[in-house]
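Asks: My structure is below; once you've seen it, I'll send some questions.
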Amino acid sequence: MHKLTGTAASLYEEVRDLPIVSPHGHCDPEWFATNAPFPDPAALLVVPDHYVFRMLYSQGVPLRYLGIGEAGKDVDPRSVFRLFAKNWFLFLGTPSHFWMTYVLTQTLGVSAALSEETADQIYDQIAEKLEQPAFRPRALYDRFGIEVLATTDGALDDLNHHQTIADSGWNGRVVPTFRPDGVLDPSNPDFRANIVQLALLTGEDTESYSGYLAALRQRRAMFKALGATATDHAIEQIHTEWLGDPDVLFQKLRRGAGSTQDAQAFYGHMLVEMAQMSVEDGLVMQIHGGSRRNTNHLILDRFGRDKGADIPIAVDWVRGLEALLNRVGNTPGFSLLLFTLDETTYARELAPMAGHWPCLRIGPPWWFHDSAAGIARYFDQVVETAGYHNLAGFNDDTRAFLSIPARHDLWRRGVALHLEQQVTRGVFDLADARQLAPLLANDLARNAYRLAS
């Protein structure tokens, strides 16, 4: 990213070292529970990062050569890192290039340029550092200046790692996020088995709809007891509806007899139920919409879900959320954060919606749009209609722990550039920009996710 100058540089300097609030992401809580060394450079930097391996796959690199899935479990991690380094040039122009360069140079202290020729040297340098106490997960958490980090955990997760963290006396704050899609969405192939597991976990009778709801409330309470402040829901096409007698459809789906339309209707109803439960227990609700998951069936069959083949699609937020919003959208205390992969909805739908409904906040650029240009587009399209205080700040939404400072740094640079442009245009003055900079850097996220300590 180009060097900041003038007003942007001064605004950036005011926020660059603020604490990191990371309210939504996919880091593994086991890292912080055990505080064990990260295994090797490839397992840390390449294998878990779908931004990395999807690019390599697009250029003909087989996933098994990258240590992905069962087929790749015995691949030498050094060869994985060599393959990544050999193809490093493919990432020019992408946010991954900025993030990885930041991680290598600023976090890991690597001075040599990454290439096929330097791959072994850099691998050894990183591997040596990963053995040092200063590069254990908890030490890096402190070094990064993280104030709070939220993981994403399935409804059936036993939360043992979070309990271990809570009992350890460590002063870091790592909290779970309730992700119940597996027990809400009948289109999930494991839905019926998950309902049985939910009963075993909670002691509730999930063969009845009332028992099913009681089990979900119990799990939410457990998450909240361990620090959770939010739920998270992924849906391809935004759809909510309120069913007059949901038990009839629930019984049908529980037996495996429902249609695709039945599954959509039930999940749409359950999103409204989740919103009503959020009114009860105060957990902030997140919806991530507009991703068609696992579109490469060959990769899904051979390597499993979430292997880089998720693709953005067009969505309709206005009609899709109408049932939910007209049931709970005017209720004081309810909060719903919306994330889209369909940028065309920023100005047309999300900004006008957040500019009206008191419960709504617009999440930051997500996934494919978490980039310098994506951040600029986001501000340009939402601010005039939604303002700043109807935004949810920033979250990094990453599995790549070492990239967290890089992602927040990119956002803070984008904030500084946007505010400089606003001052230059005469939209507001420098004093206003200086007030907005820390708000956008972390205060909005802290407030939207109710993470104030």
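The values are calculated or read from the model by the stated rules, or taken from the named source; none is laboratory data. All of these numbers come straight from a predicted model, not from anything done at the bench. As a convention, Cβ positions derive from the backbone with ideal geometry for all residues, glycine included, and neighbour counts pool all protein chains shown.
Asks: Only residues that are outside any loop (DSSP other than H, G, I, E, B) and crowded, with 24+ Cβ neighbours inside 10 Å: list them for the range 384-401, please.
Replies: Leu391, Phe401
Asks: Looking only at residues in the range 422-453 that are part of a loop (DSSP other than H, G, I, E, B) and among the charged types (D, E, K, R), which one is nearest to Glu13 (Cα to Cα)?
Replies: Asp429
Asks: Additional query: Residues Ala166, Ala155: which one is of a type in the set (Gly, Ala, Ser), buried (at least 21 other Cβ atoms within 10 Å of the Cβ) and under 30 Å from Val21 (Cα atoms)?
Replies: None of the other options fit; the residue is Ala155.
Every residue, every condition in (1) at pLDDT below 95; (2) under 22 Å from the mean Cα position of the chain (by Cα); (3) closer than 15 Å to Phe81 by Cα, yes or no:
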| site | (1), (2), (3) |
| --- | --- |
| Tyr12 | no, no, no |
| Arg16 | no, yes, no |
| Pro19 | no, yes, no |
| Ser22 | no, yes, no |
| Cys27 | no, yes, no |
| Phe32 | no, yes, no |
| Pro39 | yes, no, yes |
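Asks: Can I ask one more? Could you tell me whether Glu349 is over 24 Å from Asp409 (Cβ atoms), of a type in the set (D, E, K, R) and out of contact with any strand residue (DSSP E or B) (no Cβ under 9 Å at 6 or more places or on another chain)?
Replies: The answer is no for Glu349.
Asks: A follow-up question, please. Which one of Thr34, Thr101 is polar (S, T, N, Q) and in the same structural domain as Gln286 (by TED's automatic domain parsing)?
Replies: Thr34
Asks: Taking only the range 267-298 into account, find how many residues are surrounded by 22 or more Cβ atoms within 10 Å (Cβ to Cβ), among the β-branched types (Val, Ile, Thr) and assigned to a helix (DSSP H, G or I).
Replies: Count: 0.
Asks: On the basis of being free of Cβ contacts under 8 Å to residues at least 24 places away in the same chain, within 26 Å of the chain's Cα centre (by Cα) and surrounded by 16 or more Cβ atoms within 10 Å (Cβ to Cβ), does Asp190 make the cut?
Replies: no
Asks: Sticking with this one: Does the range 311-333 contain any residue that is of a type outside the set (Gly, Ala, Ser), outside any helix (DSSP H, G or I), without any contact (Cβ under 8 Å) to a residue 60 or more places away in the chain and crowded, with 21+ Cβ neighbours inside 10 Å?
Replies: Looking through the range 311-333, none of the residues is of a type outside the set (Gly, Ala, Ser), outside any helix (DSSP H, G or I), without any contact (Cβ under 8 Å) to a residue 60 or more places away in the chain and crowded, with 21+ Cβ neighbours inside 10 Å.
Asks: Cβ contacts < 9 Å: first residue surrounded by 18 or more Cβ atoms within 10 Å (Cβ to Cβ), restricted to the range 427-443; second residue among the small types (Gly, Ala, Ser) and not in a helix (DSSP H, G or I), any location; separation 6+ or different chain. Result?
Replies: As it stands, the answer is Leu439/Gly393; Leu440/Gly393; Ala441/Gly393; Asn442/Gly393, since those pairs meet every condition given.
Asks: Output the residues belonging to the range 344-361 that are within 24 Å of Pro23 (Cα to Cα) and surrounded by fewer than 19 Cβ atoms within 10 Å (Cβ to Cβ).
Replies: Gly355, Trp357, Pro358
Asks: Quickly run through the range 299-310 and pick out the residues that are small (Gly, Ala, Ser) and either crowded, with 17+ Cβ neighbours inside 10 Å or in a helix (DSSP H, G or I) (or both).
Replies: Result: Gly308, Ala309.
Asks: Something else about it: Tell me, please, whether a residue that is surrounded by 21 or more Cβ atoms within 10 Å (Cβ to Cβ) and within 22 Å of Leu325 (Cα to Cα) can be found in the range 245-262.
Replies: No, there is no match, as no residue in the range 245-262 is surrounded by 21 or more Cβ atoms within 10 Å (Cβ to Cβ) and within 22 Å of Leu325 (Cα to Cα).
For every residue, the table says whether it meets (1) within 19 Å of His97 (Cβ to Cβ); (2) crowded, with 17+ Cβ neighbours inside 10 Å; (3) in the same structural domain as Asn294 (by TED's automatic domain parsing); (4) in contact (Cβ under 8 Å) with a residue 24 or more places away in the chain.
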site	(1), (2), (3), (4)
Leu45	yes, yes, no, yes
Pro48	yes, yes, no, yes
Phe53	yes, yes, no, yes
Tyr57	yes, yes, no, yes
Ile68	no, yes, no, yes
Lys73	no, no, no, no
Pro77	no, yes, no, yes
Ala85	yes, yes, no, yes
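Asks: Moving on to the next point. Which condition number does Ala376 fail, the rest of (1) within 20 Å of the chain's Cα centre (by Cα); (2) under 25 Å from Ala150 (Cα atoms) being met?
Replies: Here Ala376 meets the rest and fails (2).
Asks: Right, something else. Collect the residues in the range 162-200 that are assigned to a loop (DSSP other than H, G, I, E, B) and either among the polar types (S, T, N, Q) or not assigned by TED's automatic domain parsing to the domain that holds Ile287 (or both), keeping them in residue-number order.
Replies: Matches in the range 162-200: Ser168, Asn171, Thr177, Ser187, Asn188.
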